[in-house]
Amino acid sequence: MVEGRGAGEVGLPLTRTQEVVASSRLLVAMRWAAGGGVAVGAWAAQRTLLPGLDAGGLYALGALIVAANALFWAWQRRLRAAGGGRSEYQRMTHAQLGFDWVAMVVVIHLTGGVESPLVFLFVLHIVVASSVFERWPALGYTVSAVGLVAALVAAEAMGIVAHRHVAGLLPEDANGRPAYAAMILATLAAVSVVTWAVTSSVAARVRRREDQLATLVAGVQAINSTLELREVLERLVRATVEAMGVQGASIGLLDTTGTQVELAASHGLSEAYLNKGPVLVSQSPAHQQALIDGTPAIIQTEEERARLQYPAAAEAENIRSMVFVPLRGKGQPLGVVRAYSSREKAFGPEEVRFLEAIAGQGAVAIENAMAYQALRRLDEQKSKFTRTVTHELRAPVTGAQTLVSLIIDGYAGPLEPKQAGFLERLRRRLETLQQLIDDLMSLASGRTGLGVEELGRVGVAEVLEKVVGQLEAQAEGKHQTLALERGEGAEALAVEATVQGLARIFTNLVGNAVKYTPDGGRVIVRVERVGQQVAVRVSDTGIGIPAQAQARLFTEFFRAPNAMAVETGTGLGLVIVKELVERFRGRVVVESREGAGSTFTVFLPILGN
């Protein structure tokens, strides 16, 4: 268990609940057999070995056990239907064991009291109680079992309860013989206590291991649910503390020189201990063993604490035991996982193996996070380079466009038709190049965060009106129908975004719809509320998108084959759309069939008042 906490507070609550539920169901199942077993056993004993046995009382008790179990079974079904929790099932289990204890005393009374060999069947009940409950509640059941039997023996000896001697069990009636009763009770007490101690110890170890495994599974799931290195490290140390039940844990990663271990994450340790100073591999034999030899280093005695670089800091932190386990990467050690305990000799072979398992899973997650971090840095560098290059290209391309336009317009003198044709083709190529530069600039700015506006409240319908208005002339030139439809309450719908970003999204989508829809076609833009989201649908009757091309639609520089045959483009517009939509915490969905048009739907969370 975690130091300073009670048993059962650590690990997944679901594990404990499942254990109690399973135990409760097992008791019900066993009681069906017990009720029938009492009756059948009484009948068989009376007709074979013990003809003097009064079986009537045992038949009645068997029927009572079955009837009571029917009530427990109904209680259990009601709990299952209502989704009862651990506490409800625990109450039911206590009620079942209480009934079983009373029923067992009655069985002993009906079969001879102190003479009954069934006295020692209480040991089986103690095994059940020690397996179901924690150590001290189970001891309570053990003491109560011995106490109930002792009370029955005393009551029969004093005549408070009539003693039932069963002829054939013993040569003579043992009731009222103190020495015999004391021997039976002492034997029962000794066997019961030993049974409780052994069973509860084994059960506690099993529960502790289940808690560790459950917490390890949850920790590994949490670790692998992110690629952010800091989150991976923090979740790993937290999982280590919870799974091992230790005072604290920390992760140290080797620096680039391999000579110093830098603190990367910690849990359960004070700032004073964490700031004790730099950890140098050359001055810490414990770290040398873990990092160079690749074997766990265990520090649990005064002599072993001399292997630490800062033994006084460990003493001030009340750390009595610690273990260092290497984080092994694919090619070289990444660092160490360190676990700390305030107990002497807290780490045995099992704890070390368990920490090695945590470190093994953690090393994989750390390497994945480091690789992701490196890729992200490369992507940022690429985006910064792209932004720089495109920024430098923008001025000369703009200048070239201006000069070409002036020449075509006749400012440099009249042009021959062939010259004008060449220059017109050059102007179109420069426009395509300008569009590519603009798209690259937009993409790079979004990825690097440079020149990006802060998010704010933006009305969706207002932005759509402007976008549709800007593209109306282009649609009219192709004799298309371009319309904006508003669902109920659409005017009030707002999202957290930027005006420029939202305009860029819808300009790309509506512009593509107009561009790839033949003359006389339709482009319908509809904005409406869908649950807690704004849905903007851009539908057209254009050329559509081939099925095999849809998977790569949001890939940089990709263009569908049928689109390339119709219009020029950069292959970056939809990439920009997707990244902007995701920046605004939304998603974009496409439905299309080649030759039958396309519908792009943007979903964005509604911003409240």
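The values are calculated or read from the model by the stated rules, or taken from the named source; none is laboratory data. Predicted, not measured: the structure shown is a model, and the values here were computed from it. Note that each Cβ is placed from the backbone with ideal geometry, even for glycine, and that neighbours are counted across all protein chains shown.
Scanning the range 339-354 for any residue that is within 21 Å of A214 (Cα to Cα), at pLDDT below 90 and surrounded by 17 or more Cβ atoms within 10 Å (Cβ to Cβ) turns up at least one such residue. Annotation for the range 182-203: no member residue is assigned to a helix (DSSP H, G or I) and farther than 30 Å from S131 by Cα. Of the residues making up the range 473-486, those that are touching a strand residue (DSSP E or B) at 6+ places or on another chain (Cβ under 9 Å) and either closer than 19 Å to G501 by Cβ or surrounded by 15 or more Cβ atoms within 10 Å (Cβ to Cβ) (or both) number 5.
Rundown of residues vs (1) in contact (Cβ under 8 Å) with a residue 60 or more places away in the chain; (2) surrounded by 15 or more Cβ atoms within 10 Å (Cβ to Cβ), yes/no style:
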site: L148; (1), (2): no, yes
site: L152; (1), (2): no, yes
site: M158; (1), (2): no, no
site: A167; (1), (2): yes, no
site: P171; (1), (2): no, no
site: A179; (1), (2): no, no
site: L188; (1), (2): yes, yes
site: V198; (1), (2): no, no
site: R207; (1), (2): yes, yes
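Of these, V281, V325, which one is within 18 Å of I366 (Cβ to Cβ) and not hydroxyl-bearing (S, T, Y)?
V325
Results for (1) at pLDDT below 90; (2) among the polar types (S, T, N, Q); (3) over 15 Å from V602 (Cβ atoms); (4) in contact with an Asp or Glu (Cβ under 8 Å, 6 or more places away or on another chain), shown as yes or no for each residue.
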residue	(1), (2), (3), (4)
V495	no, no, no, no
G501	yes, no, no, yes
F506	no, no, no, no
Y516	no, no, yes, yes
T541	no, yes, yes, no
Q548	yes, yes, yes, no
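Of the candidates T601, T568, the single residue that is surrounded by fewer than 19 Cβ atoms within 10 Å (Cβ to Cβ), touching a residue at least 12 places away in the same chain (Cβ under 8 Å) and closer than 26 Å to T432 by Cα is T568. Of the numbered criteria (1) within 52 Å of the chain's Cα centre (by Cα); (2) at pLDDT below 95; (3) over 30 Å from S87 (Cβ atoms), the one Y141 fails is (3).
Exactly one residue out of R31, R25, R5, R47 is farther than 24 Å from A103 by Cβ and either out of contact with any Cys (no Cβ under 8 Å at 6 or more places or on another chain) or at pLDDT below 60 (or both), and it is R5. Are any residues in the range 73-102 without any contact (Cβ under 8 Å) to a residue 60 or more places away in the chain and among the hydrophobic types (A, V, I, L, M, F, W, C), and if so, which ones? Correct list: W73, A74, W75, L79, A81, A82, A95, F99, W101, V102. Hey, any hits in the range 72-91 for a residue that's touching a Ser or Thr at 6+ places or on another chain (Cβ under 7 Å), within 24 Å of L169 (Cβ to Cβ) and of a type outside the set (G, A, S)? No, there is no match, as no residue in the range 72-91 is touching a Ser or Thr at 6+ places or on another chain (Cβ under 7 Å), within 24 Å of L169 (Cβ to Cβ) and of a type outside the set (G, A, S).
Every condition in (1) without any contact (Cβ under 8 Å) to a residue 40 or more places away in the chain; (2) farther than 23 Å from V206 by Cβ; (3) of a type outside the set (S, T, N, Q) holds for L124 except the one numbered (2). Looking only at residues in the range 435-477 that are at pLDDT below 70, of a type outside the set (A, V, I, L, M, F, W, C) and part of a helix (DSSP H, G or I), the one that is farthest from P518 (Cα to Cα) is T448.
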